[in-house]
Structure formats: structure tokens, C-alpha cells
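So the structure is just underneath, and the comments pick up after that.
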Amino acid sequence: MPEVPDVDDRGEGEAEKDPLALRLEQLILGADRRYTPFQAARSAGVSMELASRFWRAMGFPDIGQAKALTEADVLALRRLAGLVEAGLLSEAMAVQVARSTGQTTARLAEWQIDSFLEGLTEPPEPGMTRTEVTYPLIELLLPELEEFLVYVWRRQLAAATGRVVQAADDEEMVDRRLAVGFADLVGFTRLTRRMEEEELGELVEAFETTAADLVAAHGGRLIKTLGDEVLYAADDAGVAAEIALRLIETMANDETMPELRVGIAFGTVTTRMGDVFGTTVNLASRLTSIAPRDAVLVDGALAEELTRTGEAPASEADAAEEAAKAEKEGEEPPSYRFALQPMWQRPVRGLGVVEPWLLARRG
């Protein structure tokens with residue numbers, strides 16, 4: 001349930017809390033505390049059990065029966081329950097909506113406080129406290145950030161909806177053929193022992209920012225970041241390959257960055273709550289772990305797709321033969337973006353024997 005101040009052992013009253021913290025909470029929530037969880041559930045017309053499921057899914061702790069909830073909490077319950085009653089969502093799906101929204105916005109809020117507001121609320125003049133700066137700053141930022149959040153969400157929703165309606169059939173909406181790539185910083189564990197925490201944080205932020213920008217700029221989708229690793233996906237094998245090589249090239253030109261390795265696999269992927277699952281994802285992860293430094297390994301399916309779409313030759317011998325034939329006939333030889341080199345077959349834990357291919361640029 002929504003974050004609230006500490007309560008005494010009986011749960012019948014709030015412990016003392018900083019008056020500014022209470023003013024900030026009221027400013028952000030836009031309403032006074034009026035309801036206990038039971039009262040909020042009753043006002044929304046839902047059972048306490050369902051209300052608790054929704055609140056926990058959103059990431060809020062149990063608060064007993066402290067009077068800590070607002071009209072907004074009641075309205076949120078009423079809306080979720082109304083979607084279920086109208087048959088637009090099943091109860092399980094409504095809980096998933098609450099969970100996915102809660103997890104995403106919790107991370108956003110933590111980032112904004114840790115990295116954004118913390119820097120902006122440094123007292124501008126000697127003698128001023130941070131608390132004296134925080135309230136008017138949030139008062140100014142809140143409506144702007146709220147509108148921007150809704151704008152970005154609508155844009156992302158439009159893009160995701162467009163991808164779904166282009167799916168060939170209903171099954172493809174959930175189980176889709178995608179190229180999935182992992183990019184992993186080499187030797188990150190050793191770095192954590194040598195670098196100061198602030199330096200390490202700056203390195204991770206620079207890596208994640210660079211990776212996110214490259215993935216977006218070239219038509220991929222960033223699925224998630226894991227500190228020293230990023231996971232991305234693309235509908236097109238060529239797009240995934242281009243992103244991988246751009247990542248390697250960009251990081252190699254940055255002396256502050258460790259070496260990078262990337263693994264890509266192509267195949268059926270299950271998408272759920274913004275994440276991706278399945279054998280294809282597992283294979284991409286395994287390929288990353290065995291990839292050479294500053295190199296990209298791909299699976300046979302992605303190599304075959306690049307060949308099928310004419311973005312890579314089946315072999316360099318075929319490419320040379322095609323070029324010689326074109327020259328003889330006075331024509332332009334085929335133009336390929338990528339080169340593929342077969343590597344030794346090897347067993348991969350949990351996936352059997354695979355034949356990785358080394359991906360590079362041609363020319």
C-alpha cells in the first residue's frame with residue numbers, strides 16, 4: 001500500500017514525521033489523508049482482499065489500518081475494479097497492469113530523486129537548507145514532469161500497438177520471431193574491486209546511456225539494463241546486427257570503457273510485461289558469455305536470416321564468385337553490409353551443441 005509514516009505498535013496512530021515531508025507528500029499526491037485501507041476499499045466498492053492484491057502488485061507495503069490513503073487511492077481502486085467488472089480485463093490481468101505500472105514508475109521515481117532532484121536541490125545560496133529549496137522546486141516541476149510522462153507513455157504505447165497489429169496472427173502477438181541481443185562489459189567484476197563507488201556509478205550510467213541511445217537510434221528496443229549488461233530486441237535481424245557492431249565500435253573508441261562482447265540469437269520469443277523470455281533469449285545470453293572481446297557472436301538462425309535478406313553472403317567464397325561473375329558481365333557486384341565467419345561448434349549448457357558465427361562489417 002502507499003508509503004506512509006511509521007505507526008505505533010498498535011497501528012493506531014502515526015509517529016512523528018518531518019512537517020516538510022508531510023507537506024511534500026500532500027503536494028505530490030494532491031490530496032489529504034482521509035482513509036484507512038478498509039475505508040478506501042469500501043468507498044471504492046471492492047473487497048479488502050482485492051484491494052490488497054492491487055496495492056501489493058503496485059509495490060506498496062501493508063500499513064495495517066493507518067489513516068493514510070487519499071481520494072486518488074480510492075479512484076485508482078475503483079478504476080481497476082471497473083475494468084474487471086466491464087469485462088475489459090480479467091482480475092489476473094488487472095493485477096498485472098498494477099504490477100507492471102508499479103515496477104516501472106518505482107524505478108523512474110527512484111532515479112528522479114537519486115540523480116535528478118538531489119542535484120537540483122543543492123542550496124543556491126549560503127545559509128539556505130536543501131529543504132527550503134525542495135518544496136518550490138517540486139511545485140514547479142511536478143506538472144511539467146507529469147505531462148511529459150504521459151506524452152512519452154502515449155508515444156511508446158502507439159509504437160507498441162503498431163507492432164502488435166502488424167503481427168501475422170494472434171499467436172504472434174505473444175510468441176514472436178525477434179532478434180535478441182545481449183551486450184556485456186568484459187571484466188566488470190574486477191572493476192568493482194578497483195574503482196570507487198562514484199566512478200563505478202558514472203561508468204555504468206555512461207554505458208547504459210550510450211547503449212540506450214544506439215539501440216533507439218537504429219530501430220531496436222531496449223528491454224532492460226543490468227548494470228554491466230544490456231538486453232535489446234529488434235524485429236529485423238539486420239537492425240540487431242547493426243546495433244551490435246555500433247555498440248562494439250562506439251565503446252572501443254572510448255578509452256574510459258572496458259571491452260565489450262555481444263551475442264545475438266534469432267527466433268521465437270515470448271514477450272510479457274515488457275520483458276522477453278524463451279530459448280532464443282537464453283541462447284543470446286550464452287553466446288555473449290563465449291564471445292571474444294570486442295566481437296559479436298550470432299546463432300545459425302540469425303546468420304541464415306542475414307543471408308536470406310541479402311545483407312550477408314553465405315560465404316566469402318560465394319561473395320568472391322558473385323563479384324567475379326558480375327565483373328565479367330559488366331554489372332555491379334552484390335553489396336553486402338555484413339560478413340559471417342563460422343566458428344567451431346561447441347556444447348552450450350542447457351541448449352545442446354550450437355554453431356556460433358562471428359559477425360563483422362564487410363569492407
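The values are calculated or read from the model by the stated rules, or taken from the named source; none is laboratory data. Just so we're clear, the structure is a prediction, and the values are computed from it rather than from any experiment. Methodologically, a virtual Cβ is constructed for each residue, glycine included, from the backbone with ideal geometry; neighbour enumeration extends over all protein chains shown. Keep in mind that these areas ignore ligands, DNA and RNA; they rest on the heavy atoms of the full protein, side chains included. Shrake-Rupley method; radii C 1.70, N 1.55, O 1.52, S 1.80 Å.
Of note:
- A 1.4 Å probe run over the chain, with the rest of the protein chains in place, finds 59 Å² accessible per residue.
- Top of K67, K325, K224 by mean-square fluctuation, Gaussian network on the chain, Cα under 10 Å: K325
- Reciprocal mean inverse distance between Cα atoms of the chain - Kirkwood radius, Å: 24.3
- Share of carbon and sulfur in the accessible heavy-atom surface of the chain [1.4 Å probe, %]: 52
- Using Cβ point charges alone (K and R +1, D and E -1), the dipole size of the stretch 157-309 about the Cα centre works out to roughly 400 debye.
- Residue (of G300, A21, L359) at the positive-pole extreme of the chain, dipole from beta-carbon charges: G300
- Charge-dipole axis of the chain as Lys and Arg at +1 and Asp and Glu at -1 on Cβ define it, positive-most pick from T210, L200, V276: V276
- Using a Förster distance of 35 Å, the FRET efficiency for A106-D294 (Cβ separation, nearest 0.05): 0.50
- For the chain, a simple Cβ point-charge model (Lys and Arg +1, Asp and Glu -1, everything else neutral) yields a dipole of about 1060 debye relative to the Cα centre.
- Note on exposure: Y232, Y35 ranked by accessible area (1.4 Å probe, complete protein assembly) read Y35, Y232, with the most exposed listed first.
- Calculated over the stretch 264-328: convex hull of Cα atoms, volume per residue (Å³): 115
- Two-site label geometry, D318 and E198: point separation in nm, points 7 Å out along Cα→Cβ: 5.5
- Helix 279-290 and the longest principal axis of the C-alpha atoms of the chain enclose an angle of approximately 70°.
- Globularity index of the stretch 182-318, i.e. its alpha-carbon radius of gyration over 2.2 N^0.38 Å: 1.06
- Cut-off 13 Å between beta-carbons: net charge of the residues surrounding F38, Lys and Arg +1, Asp and Glu -1: 0
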